[in-house]
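The values are calculated or read from the model by the stated rules, or taken from the named source; none is laboratory data. Source: prediction; values computed, not measured. Methodologically, a virtual Cβ is constructed for each residue, glycine included, from the backbone with ideal geometry; neighbour enumeration extends over all protein chains shown. Please note that ligands, DNA and RNA were not included when accessible areas were found on the heavy atoms of the full protein model with its side chains. Shrake-Rupley method; radii C 1.70, N 1.55, O 1.52, S 1.80 Å.
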Amino acid sequence: MNPQKLLAEGLGTAFLLISVIGSGIMAETLAQGNVALALLANAIATGCMLFAIITTLGPISGAHFNPAVSLAFALRGDLPWKDVPAYVVIQIIGAILGVWACHLMFDQPILQVSSTMHRTGVAQWWSEIVATFGLLFVIFGGLRSRPEAIPTLVALYITGAYWYTSSTSFANPAVTIARGFSDTFAGIYPGHIVMFIVMQIIAVFIGHIVLRTLFKEDA
């Protein structure tokens with residue numbers, strides 16, 4: 001496995017979590033109880049970071065930063081199955097390291113477990129299926145129509161999906177796991193992580209069936 005690709009995936013996922021957690025902490029501190037304003041700031045910062053890391057690291061590793069995306073590319077035959085475990089492991093490690101780096105940056109305890117942010121129930125589980133499917137739709141649709149626009153498409157999609165999904169669009173198993181290690185605005189109670197990831201993986205298989213048909217080259 002190419003170490004340059006793994007470094008890109010790990011570093012990119014770390015920066016993604018720094019943006020998610022850091023903007024959540026900053027927004028909650030400055031918004032003075034205005035949750036809508038805090039979520040808006042959180043969404044914009046995450047979208048900006050996604051544009052930056054996909055643009056800069058895409059040519060190196062494909063800029064997955066997401067085990068669900070890596071799985072989807074493997075199902076399409078665009079990522080060797082032997083590379084998937086390494087991608088997934090480095091994405092999760094990078095995500096957790098990003099959370100810890102962010103805690104240090106904001107002078108918080110580095111080791112935390114989310115205890116207050118409960119995210120569960122059928123509505124939020126279904127939301128994660130929709131959010132993850134939509135992310136794959138944007139990626140593979142972009143690859144078919146305008147590959148150079150993918151950083152913008154993904155950034156805009158996630159910024160919007162923070163608002164139009166009830167789960168605020170995690171859509172990423174590595175992000176979901178890492179956010180369980182932060183007792184902040186963007187955290188998730190660890191007991192609710194598994195179902196989020198199950199829904200995200202279900203969305204990958206739904207997307208593989210639907211999007212392969214929708215975006216066939218000879219369509």
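Descriptive notes on the structure:
- Single residue of region 94-104 satisfying the filter (over 14 Å from the mean Cα position of the chain (by Cα) and of a type in the set (A, V, I, L, M)) that is nearest to Pro67 (Cα to Cα): Leu97
- Top-ranked residue of region 52-62 - restricted to ones that are open to solvent by 40 Å² or more (accessible area, probe 1.4 Å) and among the hydrophobic types (A, V, I, L, M, F, W, C), ranked as nearest to Ser23 (Cα to Cα): Ala52
- Taken over region 27-51, residues that are open to solvent by less than 80 Å² (accessible area, probe 1.4 Å), free of Cβ contacts under 8 Å to residues at least 12 places away in the same chain and either under 19 Å from Ala149 (Cα atoms) or not in a helix (DSSP H, G or I) (or both) amount to 3.
- Matching residues, region 59-68, being assigned to a helix (DSSP H, G or I) and in contact with a helix residue (DSSP H, G or I) (Cβ under 7 Å, 6 or more places away or on another chain): Ile60, Ser61, Pro67, Ala68
- The number of residues in region 162-178 that are touching a residue at least 12 places away in the same chain (Cβ under 8 Å), within 23 Å of Phe51 (Cβ to Cβ) and surrounded by fewer than 24 Cβ atoms within 10 Å (Cβ to Cβ) comes to 4.
- In region 63-94, of all residues being without any contact (Cβ under 8 Å) to a residue 40 or more places away in the chain and touching a Phe, Trp or Tyr at 6+ places or on another chain (Cβ under 7 Å), the one that is surrounded by the most Cβ atoms within 10 Å (Cβ to Cβ) corresponds to Ser70.
- Going through (1) closer than 19 Å to Ile177 by Cα; (2) open to solvent by 20 Å² or more (accessible area, probe 1.4 Å); (3) of a type in the set (A, V, I, L, M, F, W, C) one by one, Leu153 falls short only on (1).
- Under the condition of being over 14 Å from the mean Cα position of the chain (by Cα), surrounded by fewer than 21 Cβ atoms within 10 Å (Cβ to Cβ) and not aromatic (Phe, Trp, Tyr), the residues counted in region 179-210 number 12.
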